[in-house]
Structures are given as C-alpha cells and as structure tokens.
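Report on the following structure.
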Amino acid sequence: MKCFLRQGAVILPVLLAAGFLFLPPPSRAVETGGRSPGDLASPVRIAEMGDLLIVSDYREKAVFLLNKLKLKSVRSFPVKGAPLAVAYTGGRILVGNETEKRIEMYNPAGNNLGVFGGSRGNRILARDMAMDERSDTLFVVDGLDRTVKLFDREGTLIQTIMSRDIVNPAGIAIDAERSELYVSDYGDPSLKNPALVHVFDYSGNLRRALSGQRAGFSRPQGMSFSEDHLFLADGVLGKVLVLDSSSGSLAKTLGSFGAEPGQLMLPLDVVIDRLTKDAYVTNNRPGRIERFPGGGLLP
Amino acid sequence: MKRCLILIAVVAAAMISPGSAKALIAAHQCNYCHAVHGAAGSALLNDTQAETLCMSCHGPAGISTLKAEVHLNDRNSVYPAFRITCRTCHDPHDNGGNWLGGSNIRLTGSRQDATGYARITTPNSGVREVVFESRGSTAGMPTLHSFADADEDANGYYDGVCETCHTLTKFHRNSAAGSHNHNTGDTCVRCHLHASNFVK
C-alpha cells in the first residue's frame, strides 16, 4: 500500500504535466495587428467591407484594407489630404478628406472615382459617416458647421440636422431598426456643456441624450451599434464603453489604458462584426487595430 | 461634505503653489482636462498620459482646429529614430515668461526651476532657454524671436523653439555651427507642419 502511494506520488505529477503538454493553448483574449513597416501609423476611422476592414490613416494619408482574421494589410491606396471618415456602400469606398473638405469615392482597388455629389461636391469636413442601406441614406458629421448631413446614394444633400444641442460633434452611428441616429459630442466644459451622445430620429428630432458624466466618458469618438447597445470609443480613457442604448447605463467596457496588446491609447473608432461579434478598434497612438474576440457580445 | 472641502483645498493649493497653473489660456480651462469629481488618476486627471490627453483634441479626429502631432524624424533620416512628445516643448497651463523678459506664445517651454523662465529639456544639450514670441514673417510678423531667428539679437544664444534643440540638422542648429541661412524670414511650420510630425 505504501509502495502504491509512493508510486502514485511520482506518477500523478508526471501524468498531470504530460496532460498539460497535450492541452490546446489558451485562446488569446485579444489580438493586435496592422503594425508592420509601410503599414498603419495613425488609424482613425474604421468600417467593414465583407471580410475586410477599411481603415483611414491620418499620418500615412492613405486608406488601408485589412484582413479581419490576420489583421494584416491586403492593400492600401493614397489620399491627397488627411483622410478621416470612411464608409462602404454600393461597391464604393467613401472617404472624408479633411484637407480638401470633401467626400471622395474610390473603388476597392483604390482608384479614385471622383467627388461624392458630383464634380463640385459639397464642402464638408466629414469627421465620421454611417450608411443606412435600408433607407439609402448616408449620415455625415460635418465639423465645419457642426451639423449632421444626410445624403442619398448619389451624394445629393437631403437634409441637414442642426441643433443647439450639438456643440462639438465627433462620431456617428445608426440604429437602423429604430431609425435612430447617435451623435457623439465632446461638448464644451467652459460653456458648461458636458460630453454627451445625442440620439435623434432620422428627421432630426432629439429623442434623448446619453450622459458622459453618468457613463464616464469625456472624449466620445467613433461608435458602433449592436445588440441594442452602443459601443463608444473614448479617446482619453483608453476604453470602449458599451452603453445601454435606452438608458445610457454602462453595461461593460473593452480594453484598458496602455500600450500592451488589448490595451488602448487614443482609441478613435470601433466596429462590431455582425456575424462573429468580434470588436475591432482603431488604436491610434500605437498605430494598430485591436481585436476583441466576441467583444460585441453582451453579458 | 468633508470630501468636498478636502477637494477644494487640494485644488486651491495646486493653484497657488509654485509650478502650477497661473494664467490659463481661454481654450484650456481646467475642466477641459481635469475632472474635479471622480478622476481615476492622479492630479485630477483620468487614468491617461499627457500625449493622449493633448491628442484627444489636437490629434486626428479631435475637435480643435489647431492640429498637432508628436515630433518624429524623417523616415529617410540617417539618424536614429526619436519621438518628442507634447510636454517636451509645451506647458499646457500657461505661456511662460522667457529669459529675455518677454512672454512666449503657444504655451512654449515650461518653468523648470526657481527662475520661472520658460525652458526646454533638450535631447542632447541639457536644459536650454526657449524664446518664442513671433511666428515669423509670413504672417507679417518680425523674425526676431521666432521659430529660428539665427541669433538675430546677437546674444550668442540660439534659443528659438526649433533651433534650441537641434544639433544634427543641416540648418538652424543651437550653435553657430552649420548654416543659419535656410529660408530665413519664413515660418518653419509652413513646410514642416506640426500636424505632420514636423517632417516635410
């Protein structure tokens, strides 16, 4: 008996160690990518195009197409100016050119198809864009006159949402089911206007506002809507805040401040993959894209 | 109530202590950066660092019209890569007085000792004076005490905001060495944009 015990004391740890050797490696909670020579340097806005991500790069003055799985650049194309907002619709990539103050159109190969809205286009500082395919409407945050502009697919201006409530708008997201529009706003502390996310209907009527003081954001940037929740990148916190779209209460967060994988420094936009629910975040200071597998799932 | 009083005392102490904010410019009111209630980090800041805080307004997609980026060297440079970030050249709290008796613009330099003069801790020349009172002649301004004035006041000290650091550049170093004739009378950032890492 004693012998068995003695043998067991030796064999058991050996078996356990061997078992660990054959165990599959733990899945990585967060993956990082998009950073290699000639790759992303200053990613800003992000949008989906099938299996690819469209990312504007402010420093490289280019738009990158990244493979969602590998987070590697498939190709990129230059923009004459600083690109900000990006969207994909009808086989065209729309790019807000901050320098030229217009929205430009490119095909997925990167060929310039001209200015959105015709040869003259519209003078606009497109900080962010969101496309509602159902209503064929492109929603654009215009930093020049601090409004939200609605365009049809051809670039014709349909409507301008002007509101005294909008102070310093940054990002935009839509809830197509409810025909609601979310506009992130830095506010202006000197005017006692706190950071907010305004919720409008498509006609421009203010329905409610999500409070930054309550949810804990102060530099609200790009957003994405999924599962009745708003995913909001806060530039200062180094987090993506997930807010209940009705109450504005904080449901969970993605990331933390820092430069390690899974950490964020100046996150500027987020997109949720509709199928996998993976969350992709533009991580500006480290110059890369952060993927949070299943980050779009709610507890 | 007790916590509020302690907080007020802390803020008041910070305002009157040496090295702290004295005269905030209009665009940098306290609560733009500091959260008086509920800040997660130190100095009434949330858990972040200065560059991220600055870039959240002045960087890509930020709301400020004054766009800026950190200072990097050119990709084709023969020298090792460097990264000069905001606080090296700027004091977000006020425009400091300089050693020549004037007042700097664009929050340039910071008080680093009891003299209170605006100075910059340079990469390889130690702590140096910085004088930046004019953006140069392209805006109809005097070149004296601009980005790099080639020691126009002939005091033997190259203290412009660009030249006070530079020791390896071809032009406008912080000494008499090299050439000081490169585009004199022009504004450095017309070509070397702050928003483009000061790289041409």
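The values are calculated or read from the model by the stated rules, or taken from the named source; none is laboratory data. Values in this document were obtained by computation on a predicted structure and should not be read as measured data. Because the Cβ atoms are built from the backbone with ideal geometry, glycine has one as well, and the counts that use them run over all protein chains shown. In case anyone asks, the SASA skips ligands and DNA or RNA and just uses the protein heavy atoms, side chains included. Shrake-Rupley method; radii C 1.70, N 1.55, O 1.52, S 1.80 Å.
Scanning residues 5 or more positions from residue A:269 or on other chains, those with amide H under 5 Å from its amide H are A:222, A:282, with H placed 1.01 Å from N in the peptide plane. If you plug the beta carbon distance of residue B:141 and residue B:76 into 1/(1 + (r/R0)^6) with R0 = 41 Å, you get a FRET efficiency near 0.85. A 1.4 Å probe run over the protein chains yields, for region B:49-200, 48 Å² of accessible area per residue, whole-number rounding. With bins 10 Å wide beginning at 0, the percent of Cα pairs of region A:195-247 falling in each bin runs 25, 57, 17, 1.
Residues whose amide H falls under 5 Å from that of residue A:226, counting only those 5 or more places apart or on a different chain, are A:231, with hydrogens built in the peptide plane. Take each peptide in A:137-146, A:227-236, count the other Cβ atoms within 10 Å of every residue, and average; sorted highest first, the result is A:227-236, A:137-146. Full extension of the chain between residue A:107 and residue A:227 yields a length gain of 40.1 nm, computed as 0.36 nm times the residue separation minus the alpha carbon distance.
Helical content of chain A, expressed as a calculated mean residue ellipticity at 222 nm, amounts to -2500 deg cm²/dmol (DSSP H runs of 4 or more residues, -39,500 (n - 2.57) each, divided by residue number, nearest 500). Rounded to the nearest 10 degrees, the angle from helix A:2-22 to the longest Cα principal axis of chain A is 20 degrees.
The length gained on full extension between residue A:154 and residue A:123, counted as 0.36 nm times the residue separation minus their Cα-Cα distance, comes to 9.6 nm. Inverting the pair-averaged 1/r between distinct Cα atoms of region B:80-200 gives 14.4 Å as its Kirkwood hydrodynamic radius.
Accessible area lost on pairing A with B, both sides, 1.4 Å probe, Å² to nearest 100?
In total, this chain pair buries about 2300 Å².
Could you give log10 I(q)/I(0) at q = 0.12, 0.18, 0.22, 0.28 Å⁻¹ for region A:118-180, computed by the Debye formula over C-alpha point scatterers of equal weight, without solvent? Each listed q corresponds, in turn, to -0.28, -0.63, -0.92, -1.33.
Remark: spin-label model distance residue B:177-residue B:155 equals 2.3 nm, labels positioned 7 Å along the Cα→Cβ axis. With both labels modelled 7 Å from their Cα along Cα-to-Cβ, the residue B:170 to residue A:260 distance reads 4.5 nm. Taking label points 7 Å from Cα along the Cα-to-Cβ direction, residue A:164 and residue A:253 give a separation of 3.5 nm. If the chain linking residue A:70 and residue A:208 were pulled fully straight, counting 0.36 nm for each residue of separation and taking away their Cα-Cα distance, it would gain 45.8 nm.
The orientation-averaged projected area of the convex hull spanned by the Cα atoms of chain A comes to 19.4 nm².
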